[in-house]
1. Would you mind calculating the relative contact order of segment 15-92 from Cα pairs under 8 angstrom and at least 6 residues apart, reporting the percent as a whole number?
2. I want to check the label-to-label distance for Glu307 and Ala200. Put each point 7 Å from Cα in the C-beta direction and report it in nm to one decimal.
3. Hey, got the dipole for the chain? About the Cα centre, +1 on K and R Cβ, -1 on D and E Cβ, debye to the nearest 20?
4. Between Lys37 and Lys6, what is the spin-label point distance in nm, taking each point 7 Å from the Cα along the Cα→C-beta axis?
5. Can you pick out the pairs among Lys52/Lys290; Lys290/Lys321; Lys208/Lys421 whose Cα atoms lie more than 23 Å from each other?
6. Placing +1 on the Cβ of each Lys and Arg and -1 on the Cβ of each Asp and Glu in segment 86-185, which of Thr178, Thr114, Thr153 has its Cα farthest towards the positive end of the resulting dipole?
7. Does anything in segment 136-165 have its amide N under 16 Å from the 7 Å Cα→Cβ label point of Trp347, and if so which residues?
8. Which residue, Leu328, Gly375, Trp75, has the largest displacement toward the positive end of the dipole of the chain when charges sit on each Cβ (Lys, Arg +1; Asp, Glu -1)?
Amino acid sequence: MRSARKLALEVIYQVDREGAYSNIALNKVLEKYQPEKKDRAFITELVYGTLKRLNTLDWIAGRFVSRPLDSLTPWIRNIIRMGIYQIFFMDKVPNSAACNESVNLARKFGHQGTVKFVNGVLRNVVRHKDRLKWPDKDAEPVEYLSIHYSHPTWMVSLWLEEFGFEETEKLCRANNETPPNSIRTNTLKISRDELIGVLAGEGVECRKGEFAPETINISGFKSIASLKSHAQGLYLVQDESSTMVGHIVAPKPGSKVIDACSAPGGKTTHLAQLMNNQGRILAGDIHQHKMGLIKENCSRLGINIIEPALVDARELHKEYKEWADFVLVDAPCSGLGVLRRRPELRWRKTVNRFNELTALQMAILRSAAQCVKAGGVLVYSTCTVNRRENLDLVRSFLENAPEFRLDSLLPLFPDTCDRTKFPTAAEGYIQFLPHVHGTDGFFAARMVKEG
Ligand SMILES: C[S@@+](CC[C@H](N)C(=O)[O-])C[C@H]1O[C@@H](n2cnc3c(N)ncnc32)[C@H](O)[C@@H]1O
């Protein structure tokens, strides 16, 4: 069996150098080597923590390494990052173990010179750990938030403008927390209470969600895919904020629905549940390889009213003009609401793509809007926290579409939902925020077309 740190290093290397997704790379390694439960938890924390905290770790390393970190081999650079992560963020790891084990790795992935180098750097870090001069909160708020909470400076600046300092600090802090594993009960097959009983029988711990009446937050299992209840189609993995979108669309049995950007089918299968599997749902997406994902989810969940369609949503109006009672545009977006779930994501985003992205979102929304019947409903949603892609985009759309108006969400909220947590719901839109709702960051607006 390879050491836990070596496995963690291999995953981090793949993400850093080969552009792998951390969750996929990590799962492969865990499946292959089957480490014990304690080691699994250690490897997971070390991988996700190191990838999330990249700029902070590099900033700390930069105080102790005179040459650019880029001049080190990727192996040595990541050994140093992992070592610093253990020293600063893993309380249970003694500093001596963090240093010694990193030196052992350097021996495997470097030579005598790099062994001495890693040893020197990490022992220096330990010696000066409590005397580091961090960026000052008042003098350099952007750098302070960026280094303290490990976010790119452009993201911090974007949120400072939208939310101010205190709120941005809370948001950045929440983005570093471990998110719950949320599932949506497949109410076509089972009730939430019954599902909790089934899951308990499989040794899974369950806590009911706070907002959506189908959500359960689960823990204490090895992998969801290995549970019999999953194969039986009793639920689908979905964050609670995303599940609320279905309730905001609120289609009826027998409705005609278009889900313009539907793969892999999270929301579209929820819409089918809310329609009691009666009516028609056209589930579009532009990517051929994602059609299979929608079909798989439908078949596992026992849904047969969804018609997957390979289509560019910017062209929808050409074929489906005024066809649908309900249209959902769950738009491609910057994904800044799901940073908790994808540790490396924050470093892969760039501010440069925003113009291109908002142009695409607007083109999809305009085309999809033309497919709504008189008196019908149009919902726009994203999994991001960025006003330009959310409220600004909806307002700008409405300026040129006077036949649509925002519609209060309050009558659609399940009784269990604490309405005080959604101060803008009466105005027709909501923004979920990780630090306020404990969910992913998610935006949704509901518009109705005059009848
Ligand atoms: C946020 S994801 C949708 C998630 C999905 N609604 C769910 O709940 O599972 C956005 C989707 O838009 C698709 N997409 C991107 N550009 C598109 C376009 N021009 N037309 C249709 N779909 C597009 C992407 O392939 C992606 O699957």
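1. Relative CO of segment 15-92 lands at 28 percent.
2. 4.4
3. Approximately 1760 debye in magnitude.
4. Reported label-point gap for Lys37 and Lys6 is 2.6 nm.
5. As for pairs spanning more than 23 Å Cα to Cα, those are Lys52/Lys290; Lys290/Lys321.
6. Result: Thr114.
7. 146-155
8. Of the candidates, Trp75 comes out farthest on the positive side.
Where a number appears in this text, it was derived from the coordinates with a stated rule and is not lab data. Note that the structure is a prediction, hence the values are computed from the model and not measured. When we count neighbours, we look across all protein chains shown, and the Cβ atoms used for this are built from the backbone with ideal geometry, even at glycine.
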